[in-house]
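Written out below as structure tokens is the structure these notes cover.
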Amino acid sequence: MAGITVSHLSFTYPQETVPALRDVSFSVEEGEFLTVIGPSGGGKSTLLRALKPALTPHGSFTGDISFFGEPLSALDARRQAAEIGFVLQKPDEQIVTDRVWHELAFGMESLGFATPVIRRRVAEMASFFGIEEWFSRPVEALSGGQKQLLNLASVMALQPRVLLLDEPTSQLDPIAAADFLNAVARIRRELGTTVILSEHRLEEALPLCDRVLALEQTVLAHGTPQEVSRALRAAKSPVYFSMPTPVRVSGSVGADKCPVTVTEGRQWLAGYAAAHPLADVPPRRLRPAGEELLGLKDVWFRYEKDGEDVLQDLSCSFARGQLTALLGGNGSGKSTLAMLLTGLYQPISGQILVDGQPLAAERPEEYRKLFSAVFTAVWLFDRLLGPQGEEADPALVATWLERLQMAHKLQLENGKIADLRLSKGQKKRVALLLALA
């Protein structure tokens, strides 16, 4: 039985001339796991929100959506809330209570479930997702991965027929992301819930799903992961280069078979190696590091006077022109270190040096201004101005927009950048542009 059927769906945001979705048609069977892929700004979030009437964006819609054989628009508010679960990108945007167990019960309380039912389901979800150890903790004490798992558990406490997930791992580290996606796979496998997942981590997501929908305003391909991989490769679509490594390795030699998992990839590679001579892997050449630009010496940091130390006696250095990856699980101090390096936070002891000189603290109010206005294109234009009172160079603005592939979204109009609607991925590119400017 078809769970969700979308027929010729088109959508245009207000004051936009280019549709966010154009003639999109596909169906998802009951109990199926569908992964929606595509570039930032391709319409993935818009599509998922169109499947949850309470979250549907304002704009011009055409087309039809059916939910288990009846029009989606015919569902009343209670059925929408109970039968269509939705997990957002950012964990903090969905949490509404102060304690873990309160959050698990909130949705059921809002829909008027009987107290014995609420208690039983809260206990079931705590056990199913393995969150008994932090059952009574305040929500603010949880890591990003724990918060997102709590959001998933709270949604599943309502026992929805369809679970929609809009890039739920975008704010998580690789370990937490893998744990979250494994929990989603277990929901589908053990509870039979229909799952529609929008995701960029295709190495982890594609091996878990039944079918894939490649979307860039319109449907590029729809089918099994192997079918979609072959279609994207044949069309020379940029989306193909986001596919899992086994797909791209086999595709680099034009193989008909598209292995998706690591196991399938190793088996294919063993067969290919047996029939073809292989050259040695060329040595990796690292660019020599320059002089030290940033340094940390015996740095300690904690957020509260009586709280635990987030960073302990940390000493390290970063050379000019060097690319460094900060690795670690949720709560290990990566973001805290980045804030210290910008001067937003000050260590409780130790030193942060820039070119051998102590780093001066930035004004927190300036950071708040940047964070609150970071996605406003007009403010971006102002940030790109020259010295005080000097006119901005339109060529400079155009160059930066082209570098980050944003020229098609942020157009110069009468000396100003038109403030248009951006996807979350495009907003991150604007934030990068601001930092570089």
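The values are calculated or read from the model by the stated rules, or taken from the named source; none is laboratory data. Quantities reported herein were computed from a predicted structural model and do not represent experimental measurements. Note that each Cβ is placed from the backbone with ideal geometry, even for glycine, and that neighbours are counted across all protein chains shown. What goes into the accessible areas is simple: the full protein's heavy atoms, side chains included, and nothing from ligands, DNA or RNA. Shrake-Rupley method; radii C 1.70, N 1.55, O 1.52, S 1.80 Å.
A few remarks follow.
- Karplus-based coupling profile of the stretch 348-356, in residue order and whole Hz: 6, 7, x, 10, 10, 10, 10, 6, x, with θ = phi - 60° in 6.51 cos²θ - 1.76 cosθ + 1.60 and x standing for Gly or Pro.
- Taking every alpha-carbon pair under 8 Å whose residues sit at least 6 apart, the stretch 1-144 reaches a relative contact order of 21 percent.
- One decimal place: the segment residue 23-residue 405 gains 135.0 nm when fully extended, by the rule 0.36 nm per residue minus the C-alpha distance.
- Largest-first ordering by accessible area, 1.4 Å probe, given options 305, 44: 305, 44
- Within a Gaussian network of the chain (alpha carbon springs, distance under 10 Å), most fluctuating of 220, 47, 34: 220
- At least 24 Å along the helix axis (C-alpha) and Kyte average at least -1.0, DSSP helices within the chain: 174-191
- With the whole protein complex present, residue 37 retains an accessible surface near 0 Å², based on a 1.4 Å probe.
- Gain on full extension, evaluated as 0.36 nm per residue between residue 93 and residue 182 minus their Cα-Cα distance, stands at 29.8 nm.
- Note that the stretch 75-80 has calculated 3J(HN,Hα) couplings of 6, 6, 4, 5, 5, 4 Hz, one per residue in order, obtained from phi through the Karplus relation 6.51 cos²θ - 1.76 cosθ + 1.60 (θ = phi - 60°); glycine and proline are x.
- The listed residues 186, 287, once ranked by accessible area (1.4 Å probe) with the largest placed first, stand as 287, 186.
- Cross-link reach is defined here as a Cα-Cα straight distance under 14 Å, omitting same-chain residues fewer than 8 places apart; for residue 297 the aspartates and glutamates meeting it are 313, 355.
- Given 305/428; 44/236; 52/90, the pairs whose alpha carbons are separated by over 23 Å: 305/428
- Entry note, the stretch 149-215: relative contact order of 39 percent, from Cα contacts under 8 Å with a spacing of 6+ residues.
- Partners of residue 257 within straight-line reach, counting aspartates and glutamates whose Cα lies under 16 Å from its Cα and excluding those fewer than 8 residues away in the same chain: 227.
- The value of relative contact order for the stretch 218-268, using C-alpha pairs under 8 Å at least six residues apart, is 30 percent.
- When the helices of the chain are scored as -39500 (n - 2.57) per DSSP H run of n ≥ 4 and the total is divided over every residue, the value at 222 nm lands at -10500 deg cm²/dmol.
- Surface composition of the stretch 202-333: carbon plus sulfur atoms hold 53% of the accessible area, using a 1.4 angstrom probe and ignoring ligands, DNA and RNA.
- Accessible area, probe 1.4 Å, largest first, for residues 309, 23: 23, 309
- Taken along the Cα-to-beta-carbon direction at a fixed 7 Å, the label points for residue 297 and residue 106 span 4.6 nm.
- The separation of the stretch 201-246 from the stretch 1-63, counted between C-alpha centres, amounts to 17 Å.
- Average projection area in nm² (convex hull over Cα atoms of the stretch 1-126, one quarter of hull surface): 9.5 nm²
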